[in-house]
Amino acid sequence: MKKGFFITIEGGEACGKSTQVNLLKDYFKNNFSEDDYLFVREPGGTPLAEEIRNLLLFYKEEKPLPITELLLFCAARAQNTHTRIIPALKEGKIVIADRFYDSTLAYQGEARKIMDKSQLLNLTQTIIGDLKPDLTFYLKLSPEEAFKRKKSNEALDRIESEGIEFHKAVARGYDYISSLENNRFCTIDASLSPEEIFKIIKSEIEKRIN
Ligand code: TMP
């Protein structure tokens, strides 16, 4: 069986993740055949998972309980992983995911404190088996800096709207999980310019896939 390469991009709010994903899309478009790679995002990536994303981020009728929130993220992940990510990796593709289970460890684990890390990893394994990213970029930005970057007129989703203490806990979560897996994580100072960040990402990807 051919084995692809699985890249994930992680970080707290306003860390510049979307800009880097867009730069990566251009880079892959210009340097690879479109059969060689797949971009996905979480929550989302399939029609059903995109609906779950809307419920998670924008549903106004009722606030989800923390456990409901966790299970909805997991449901979206199950759908996206089994119908898109794993088949693409089996075909030998490079898969680039805008967030994956490290987001759950940081947001639902460290910040919401729904379950501890080992319980969340057990749940994750039940849902997606042994799949693990080969390379994870963590765009590290202090929550104080992230809050400065948010524009006051910007419409924020339910999770973005959480206060600074929540986002400090998310940052602690990422700092902790990235410190445990040095080989998988490439931590980048997200206060650098988008061009500087992209240079690091590009060179790391080229080193690993060539
Ligand atoms: P995005 O805006 O970066 O696409 O991410 C959507 C939001 O969902 C973001 O606030 C992080 C949050 N999130 C979690 O809380 N847990 C998860 O497992 C994932 C994938 C995202």
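From the list Ile197, Ile201, which residue is of a type in the set (A, V, I, L, M, F, W, C), open to solvent by less than 70 Å² (accessible area, probe 1.4 Å), touching a Gly at 6+ places or on another chain (Cβ under 9 Å) and not in a loop (DSSP other than H, G, I, E, B)?
On the way: Ile201 fails: touching a Gly at 6+ places or on another chain (Cβ under 9 Å).
Being of a type in the set (A, V, I, L, M, F, W, C), open to solvent by less than 70 Å² (accessible area, probe 1.4 Å), touching a Gly at 6+ places or on another chain (Cβ under 9 Å) and not in a loop (DSSP other than H, G, I, E, B) holds for just one of Ile197, Ile201, which is Ile197.
Among the residues of the range 85-112, write down those that are within 13 Å of the ligand (Cβ to nearest atom) and among the charged types (D, E, K, R).
Asp98, Arg99, Asp102, Glu110, Arg112
Within the range 23-53, count every residue that is open to solvent by 80 Å² or more (accessible area, probe 1.4 Å), part of a helix (DSSP H, G or I) and either within 13 Å of the ligand (Cβ to nearest atom) or among the acidic types (Asp, Glu) (or both). Walk me through it before giving the result.
Start the filter on the range 23-53 by keeping residues that are open to solvent by 80 Å² or more (accessible area, probe 1.4 Å), which leaves 25-26, 29-31, 34-35, 41, 47-48, 51.
Remaining after also requiring part of a helix (DSSP H, G or I): 25-26, 29-31, 47-48, 51.
Checking the rest, the ones that are also either within 13 Å of the ligand (Cβ to nearest atom) or among the acidic types (Asp, Glu) (or both) come to 26, 51.
Going through the range 23-53 one residue at a time, the tally reaches 2.
Tell me yes or no: at least one residue of the range 142-149 is assigned to a helix (DSSP H, G or I) and surrounded by 18 or more Cβ atoms within 10 Å (Cβ to Cβ).
Initially, the range 142-149 is screened for residues assigned to a helix (DSSP H, G or I), giving 143-149.
Imposing the further condition that a residue be surrounded by 18 or more Cβ atoms within 10 Å (Cβ to Cβ) reduces the set to 143, 146.
Within the range 142-149, one or more residues are assigned to a helix (DSSP H, G or I) and surrounded by 18 or more Cβ atoms within 10 Å (Cβ to Cβ).
May I ask you to verify whether Gly109 is within 16 Å of Lys17 (Cβ to Cβ) and assigned to a helix (DSSP H, G or I)? Show your work before the answer.
Values: within 16 Å of Lys17 (Cβ to Cβ): no; assigned to a helix (DSSP H, G or I): yes.
Answer is no for this residue.
Restricting to the range 33-88, what's the tally of residues that are touching a strand residue (DSSP E or B) at 6+ places or on another chain (Cβ under 8 Å) and in contact (Cβ under 8 Å) with a residue 60 or more places away in the chain?
Residues that pass the stated criteria total 3.
Just wondering, is there one or more residues in the range 4-22 that are open to solvent by 10 Å² or more (accessible area, probe 1.4 Å), out of contact with any strand residue (DSSP E or B) (no Cβ under 8 Å at 6 or more places or on another chain) and at positive phi?
Within the range 4-22, one or more residues are open to solvent by 10 Å² or more (accessible area, probe 1.4 Å), out of contact with any strand residue (DSSP E or B) (no Cβ under 8 Å at 6 or more places or on another chain) and at positive phi.
Restricting to the range 156-181, count the residues that are acidic (Asp, Glu) and in a helix (DSSP H, G or I).
So in the range 156-181, the residues acidic (Asp, Glu) come out as 157, 160, 162, 165, 175, 181.
Those left that are additionally in a helix (DSSP H, G or I): 165, 175.
Result for the range 156-181: 2.
The values are calculated or read from the model by the stated rules, or taken from the named source; none is laboratory data. Note that the coordinates shown come from a computational prediction; the quantities given were computed from them, not determined experimentally. We place every Cβ from the backbone using ideal geometry, glycine too, and count neighbours over all the protein chains shown. Note: areas computed on protein heavy atoms with side chains; ligands, DNA, RNA excluded. Shrake-Rupley method; radii C 1.70, N 1.55, O 1.52, S 1.80 Å.
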